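Undergrad: First the structure, then my questions, so here it is.
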Amino acid sequence: MEAYVPDAARAEEERRQEEESPWPDLLPELLDLVCASWRSITNPVLRPPPPSAGFFRPGTPILATVHDDFCTFFDPIHNAALRVADLPELAGSRLRAAGAGDWLLLTRGRDEVFFFNVSARVTVRLPDLDMYSISAACFSGPPDAPGCTVLAASYSLRDIHILKRGESAWTFREFEHRRSYAANCVPVMLGDSCYFLRTKGHVVGFNYEEWEDVGDGGYYYYEFFADRPEPLRKWRRGRIEQRFLAEDEGELLAVFLGYDETRVSVFRLDRRTATWRKVGRLENKMVFVSQGSCLVVDASVRGAGNKIYLPKSRSGHGMFYSLSTNRFHTFLDDFPQRRSEFIKEVKPSSAWIRVPAGVRNIRPFTW
């Protein structure tokens, strides 16, 4: 019979093993990130050639950032970067959201809205929409699939715009609610419902397929509300610098980054009871957060799990927060306990994508 090990002792042992993992278990790309003094006692590690067409490994999360006249892609697990300057389809655009593998939802100017598929380089133009007041956007599935729905909302969540596959114009609905809401992170669509994470940590959701017609325009009414997690009430007012909402196997996972401190908290939401549960460990899962998308995936490399990957880098190395050490790191080094600049200045036009393992033959199509 296996001896009983207290939870605290087990957690400490797992943390120690993670920090002292044998180097042979790591990828060469990660081995090459150890400090120079350690590298001197190991065999030389050759860097792989610059990324090419094989850069987009199926299933590997990649951070896509759209700049003024080019696009960059960054793989934090393999420490590889790719700069693509020959994407005229994206010139002058702003990345709003990503999903369904490697589909991007972008806008250009005040009212141009379109999809772009990274691996197939297919562009799909959507009906125009005045995006001046739009703060959050998302879509329910692959744009080339029947039933795909695009949702765009204002910062106050008062104005909701809906567009379904095959429709030639956006449907406008007001969102009637008694509380004052504000949301600027990507929403999560589960089934026929859409969930928004408010700036102070509350979650509100509604069924975007149904609304009550009360006259011109009609109204949406929220049918789900969850107060912010209890531990957040102890944070000083205005100390939530970044917040992210992700879907994890049909559940909602929220990540909160504190301002002017390294406090990071993760909570899982029970939608049946509208209550939160603190998450102390992510086990073998990796959470990738950004303003345009959030992903929760199983780690394929030892030592890469139980971490939250941020949409930024330090000296060319991806930055993450480890729930084992409660510190910010790259695969090269770690940081002092109080460094708020590592949290701030997250690029707004970036999102995590994940090329499907079985890439479909996507052809240009009309929405």
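The values are calculated or read from the model by the stated rules, or taken from the named source; none is laboratory data. Quick caveat, the model's predicted, so the values are computed rather than measured. Heads up, the Cβs are rebuilt from the backbone with ideal geometry, glycines too, and the neighbour counts pull from every protein chain shown.
Undergrad: Determine whether VAL34 is modelled with pLDDT of 90 or more and farther than 24 Å from ALA246 by Cβ.
TA: Criteria not met by VAL34.
Undergrad: Follow-up question, since we're still on this one. List the pairs whose first member sits in the range 114-131 and is farther than 23 Å from ALA169 by Cβ, whose second member is in a strand (DSSP E or B), and whose Cβ atoms are under 7 Å apart, counting only residues at least 6 apart or on separate chains?
TA: Final answer for the pair search is ASN117/TRP103; VAL118/ALA64; VAL118/LEU104; VAL118/ILE353.
Undergrad: From the list PRO348, PRO336, which residue is at pLDDT below 80, within 12 Å of the chain's Cα centre (by Cα) and either surrounded by fewer than 18 Cβ atoms within 10 Å (Cβ to Cβ) or within 27 Å of SER135 (Cβ to Cβ) (or both)?
TA: PRO348 is the lone residue from the list that is at pLDDT below 80, within 12 Å of the chain's Cα centre (by Cα) and either surrounded by fewer than 18 Cβ atoms within 10 Å (Cβ to Cβ) or within 27 Å of SER135 (Cβ to Cβ) (or both).
Undergrad: Next question, about the same structure. Could you please find all residues in the range 256-284 being in contact (Cβ under 8 Å) with a residue 12 or more places away in the chain, touching an Asp or Glu at 6+ places or on another chain (Cβ under 7 Å) and surrounded by fewer than 20 Cβ atoms within 10 Å (Cβ to Cβ)?
TA: Selection gives GLY258, TYR259, ARG268, ASN284.
Undergrad: From the set of residues in the range 264-299 that are within 23 Å of SER350 (Cα to Cα) and in a loop (DSSP other than H, G, I, E, B), which is farthest from the chain's Cα centre (by Cα)?
TA: ALA299
Undergrad: If you scan the range 153-178, which residues turn out to be without any contact (Cβ under 8 Å) to a residue 40 or more places away in the chain and either more than 22 Å from the chain's Cα centre (by Cα) or assigned to a strand (DSSP E or B) (or both)?
TA: Once the filter is applied, which keeps residues that are without any contact (Cβ under 8 Å) to a residue 40 or more places away in the chain and either more than 22 Å from the chain's Cα centre (by Cα) or assigned to a strand (DSSP E or B) (or both), the range 153-178 yields SER154, ARG158, ASP159, HIS161, LEU163, LYS164, THR171, ARG178.
Undergrad: What are the residues in the range 166-186 that are modelled with pLDDT of 95 or more and surrounded by 15 or more Cβ atoms within 10 Å (Cβ to Cβ), if any?
TA: TRP170
Undergrad: If you scan the range 95-120, which residues turn out to be touching a Ser or Thr at 6+ places or on another chain (Cβ under 7 Å) and either assigned to a loop (DSSP other than H, G, I, E, B) or surrounded by fewer than 16 Cβ atoms within 10 Å (Cβ to Cβ) (or both)?
TA: ASP102, ARG108
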